[in-house]
1. Looking only at the range 1-52, which residues are polar (S, T, N, Q) and in contact with a Phe, Trp or Tyr (Cβ under 9 Å, 6 or more places away or on another chain)?
Amino acid sequence: MKLSKLSRSLHRWGSILAMTPMMIIIVTGILLMLKKEMPWIQPPTKRGTGTQLAIGFDRILEAAKTVPQAGIKSWKDIDRLDVRPGKGVVKVRGKNRWEIQIDTQTGEVLQAAIRRSDLIESIHDGTYFHDSFKLWVFLPSGVFLAILAITGLHLFSLPHLARRKRRRKKPEANG
């Protein structure tokens with residue numbers, strides 16, 4: 001089989017195989033780039049009244065419990081805390097994707113909203129579907145994309161190489 005025919009075949013079938021996962025990665029990547037610009041994806045960080053952590057963990061949990069939509073009853077319902085001392089805020093992220101921003105000085109709830117960026121990120125890297133999905137689907141798609149780039153460059157260069165070859169043969173035919 002000629003290299004050009006093999007390149008076309010690999011390019012065609014590789015693009016079909018890689019298309020769906022790559023579109024998922026592209027679309028979610030675009031959304032992640034816009035997460036700070038779109039409050040729907042990630043709530044903007046509010047500013048607290050101070051820059052010191054004047055409240056303790058007990059006060060943070062109590063403040064988080066005051067937001068009924070978040071459904072936080074204990075530390076088991078909390079995924080992580082994100083402390084931003086420079087902004088005077090601690091972000092409490094519930095396991096149900098709710099984010100509660102609490103003033104580190106007063107313990108007051110500054111904002112509560114759904115944080116979709118973590119969900120979008122898990123779709124982006126494939127872990128949303130299954131932990132091994134990124135290795136068995138997204139990684140091969142990335143390899144196929146690299147092959148597509150190589151075969152695409154090869155197919156792009158074929159007409160140029162053919163012209164150069166014809167130009168070199170012309171003087172010999174006339175001579």
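The values are calculated or read from the model by the stated rules, or taken from the named source; none is laboratory data. In this text, all values refer to a predicted model and were calculated from it rather than measured experimentally. Here the Cβ is made from the backbone with ideal geometry for all residues, glycine too, and neighbour counts use every protein chain on show.
1. Ser15
To keep it simple, each residue is scored yes or no on (1) in contact with a helix residue (DSSP H, G or I) (Cβ under 7 Å, 6 or more places away or on another chain); (2) loosely packed, with under 12 Cβ neighbours inside 10 Å; (3) without any contact (Cβ under 8 Å) to a residue 24 or more places away in the chain; (4) outside any loop (DSSP other than H, G, I, E, B).
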{"residue": "Ile16", "(1), (2), (3), (4)": "no, yes, yes, yes"}
{"residue": "Met19", "(1), (2), (3), (4)": "no, no, yes, yes"}
{"residue": "Ile26", "(1), (2), (3), (4)": "no, yes, yes, yes"}
{"residue": "Lys36", "(1), (2), (3), (4)": "no, no, yes, no"}
{"residue": "Ile41", "(1), (2), (3), (4)": "yes, no, no, no"}
{"residue": "Ala54", "(1), (2), (3), (4)": "no, no, no, no"}
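Listed here are the residues, each with its yes/no results for (1) surrounded by fewer than 17 Cβ atoms within 10 Å (Cβ to Cβ); (2) at pLDDT 95 or above; (3) out of contact with any Pro (no Cβ under 9 Å at 6 or more places or on another chain); (4) farther than 21 Å from Met33 by Cα.
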position	(1), (2), (3), (4)
Glu62	yes, yes, yes, yes
Pro68	yes, yes, yes, yes
Gly94	no, yes, yes, yes
Glu99	no, yes, no, no
Phe129	yes, no, yes, yes
